[in-house]
Structure formats: structure tokens, C-alpha cells
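Student: Just passing along the structure, written as C-alpha cells.
Derivation of every value follows stated rules applied to the coordinates shown; laboratory data play no part. All values reported here derive from a predicted model rather than from experimental measurement. Because the Cβ atoms are built from the backbone with ideal geometry, glycine has one as well, and the counts that use them run over all protein chains shown.
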Amino acid sequence: MRPPGAERGGRPVTWSSWLRGEDYYFEGLLIWLDADTKIRELSGGSKSLDDFARLFFGIDNGSYVTRTYTFDDLVAALNAVQTYDWKSFFRKRVYQLAPQAPDEGITHGGYRLAYSDTPPEWYKHADLPGSYAWFTTSLGFSSKPDGELGNVFWDSPAFKAGMTPDMHLEAVNGKAFSLNVLRDAIMDAEKNTSPIKLLVKRGNQFQTIEIDYHGGLRYPKLSRVEGAPDRLDAILAPK
């Protein structure tokens, strides 16, 4: 999702997590990952999306003349690499609505999406001044180290409790706010039934918001599926 101040068509928008920003680009990557794993599966590992890319894009090398194409051209090129019902494959994933992002490429790649209370190494950069730490998959908002809120994600626990992006975090369960204090509170809530109490400020008004959440920090990670072909490893391997 896009950060505060996100724009659509040059115009600022609010509640971008409900409208969606430009995360369809990332969803498109997941669709093509699914296509790659499907080609590898059907060909027994002898072909991949690289073969399609060479065939489809490797034309008129060195030319700057624009070459347009149609959906049928795309399907024909994929079938030239590996026969499959690619027309239905893309129509389902591009034109039909779904309740969640397409993750078949991950599962067909030998992994599954899992969650953990332990942040990945790269995530530690989120605590830098001016950067947003993301609690997207837990409470449902992002925050700077000083308590400035970013997005409050639509239909998240924070959203349902009444939090809005114009609030500022002041304290967590009676302790002065810091990102680590908030993380500790989320982890402690896994062990009890008490709501997480956030003291927030909007303008000159203070308010305590209680969030009845007990699901942990839920940092996303990929977990290996034992016995499944490790196609994702092959895709990410150096060329």
C-alpha cells in the first residue's frame, strides 16, 4: 500500500488501503511467478519464463521501433513455450475479483506464506528516523519512531477501534510510546485477553483507544514445504 500523501492521477487521496494504490504492480509479479512455476511444472523443469521472455521480447534486437501486441499474441507465445490454457489462466487472475492476492506461485514454488513474531533482518531499517515501521499484518497501521501515524488500513483492528491517520501515538498501555514498547505490547497480548490500550492525540485532544487484538506481530515470511519441488529456489538462483 502507498504511504500517506499518496496520489492518484496527481491528486492526493485518503484511505488508499481501501481504494488500492499501485500495488497491482506487485500483484502482477505474483501472477507471472505463478506462470513461471506452472511452465517449470508442466515441462519437468526443462523450460521456464526465461524461454518465454526470449521468444516474446527478443525480436528486432537493437531496434527502437515500438512493436505492439495483443492478449492473443501473449497467449500464443506462452503456448509456443509450453502448451496450457493460458487464456483462462490470465483471465481468471487479471479480470476476476479475488479475496486475496494470488499466491499460487509461492505454493507451487515449494513454499508457503507464514507469519512470525521475529522480524526479518532487512526490517530493522524501519526504525530509522523518518521511516515508517509497518504493523500492517497485526494492528493494521504504520508509524514513525516518534509516533506519527502513516496509513491506518481499512477494516484492520486499528480501523475498527476508531484510529485514523491524523492521530499521533503518545503511549502504549500506560508507557511512553516507542516502536519497541508497541511491539512488546503486541507480543504480551498473545498471552492474555486484555486489549492493547493506545493513548493518541488529535489536535489538542487526547483519547484512549482499546484494540482487542491477540494475534502477535505477524511478520510475513516464506516457509519451506517439505517434499515439494523447490522451484522458487531455482527461479531466484543467480543466472
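Student: Can you tell me which lysines have their Cα less than 29 Å from the Cα of Lys144? Leave out same-chain residues fewer than eight positions away.
Tutor: Here the lysines satisfying the reach criterion relative to Lys144 are Lys124, Lys160, Lys175, Lys191, Lys197, Lys201, Lys221.
Student: Could I ask something else about it? Lys38: which aspartates and glutamates have alpha carbons under 18 Å from its alpha carbon, excluding same-chain residues fewer than 8 sequence positions away?
Tutor: Candidates past the 8-residue exclusion: Glu27, Asp50, Asp51, Asp85, Asp103, Glu104, Asp230, Asp233.
Student: So, one more: Would you list, by chain and number, the aspartates and glutamates whose Cα falls below 12 Å from the Cα of Lys47, excluding same-chain residues fewer than 8 positions away?
Tutor: Asp36
Student: Hey, another quick one. With just the Cα atoms of region 121-211, tell me how far they stretch along each of the three principal axes, in Å, largest first.
Tutor: 34, 31, 26
Student: Next question, about the same structure. What list of ³J(HN,Hα) values in whole Hz, one per residue of region 155-163 in order, does the Karplus curve 6.51 cos²θ - 1.76 cosθ + 1.60 (θ = phi - 60°) give from phi, with Gly and Pro shown as x?
Tutor: Here the 3J(HN,Hα) series is 6, 7, x, 5, 4, 5, 7, x, 6 Hz.
Student: Evaluate E = 1/(1 + (r/R0)^6) for Ala176 and Thr118, where r is the Cβ-Cβ distance and R0 equals 35 Å; express this FRET efficiency to the nearest 0.05. Walk me through the intermediate numbers first.
Tutor: On the way: r = 25 Å, r/R0 = 0.71.
The computed FRET efficiency comes out at 0.90.
Student: Tabulate in residue order the Karplus-calculated ³J(HN,Hα) for region 34-45, using 6.51 cos²θ - 1.76 cosθ + 1.60 with θ = phi - 60°, rounded to whole Hz; enter x for Gly and Pro.
Tutor: 4, 4, 4, 5, 5, 4, 5, 5, 5, 8, x, x
Student: Apply the Karplus parameterisation 6.51 cos²θ - 1.76 cosθ + 1.60, with θ equal to phi minus 60°, to every residue of region 204-210 and state each ³J(HN,Hα) to the nearest whole Hz, in sequence, with x for glycine and proline.
Tutor: Computed from phi, the couplings for region 204-210 are 9, 9, 9, 8, 9, 10, 9 Hz.
Student: Right, another one. If the chain between Asp230 and Asp184 were fully stretched, how many nm would it gain, using 0.36 nm times the residue separation less the Cα-Cα distance?
Tutor: Additional length available on full extension: 13.0 nm.
Student: Ranking request for peptides 172-181, 155-164: highest mean number of other beta-carbon atoms within 10 Å first, then the rest in descending order.
Tutor: Details: 172-181: 15.1, 155-164: 17.8.
Peptide ranking by packing, descending: 155-164, 172-181.
Student: Let me understand the chain better: what is its radius of gyration from the alpha carbons, and its Dmax, in angstrom?
Tutor: 22.3, 66
Student: Under 5 Å between amide hydrogens, which residues at least 5 positions from Ala133 or on another chain qualify, with H placed 1.01 Å from N in the peptide plane?
Tutor: It is Ser143, Lys144, by chain and number.
Student: Also: If only Cα atoms are counted, what is the Rg of region 82-135, and what is its Dmax, in Å?
Tutor: Computed over the Cα atoms of region 82-135, radius of gyration and Dmax are 17.4, 51 Å.
Student: Assuming 0.36 nm per residue, please report the length gained on full extension of the stretch Arg91 to Ser46 beyond their Cα-Cα distance.
Tutor: Difference between extended and current length: 13.6 nm.
Student: Sticking with this one: For Asp146 and Leu74, calculate 0.36 nm times their separation in residues minus their Cα-Cα distance, and state this gained length in nm to one decimal. Mind dumping the intermediate values first?
Tutor: Values: separation 72, 0.36 × 72 = 25.92 nm, distance 4.87 nm.
So the chain would gain 21.0 nm between Asp146 and Leu74.
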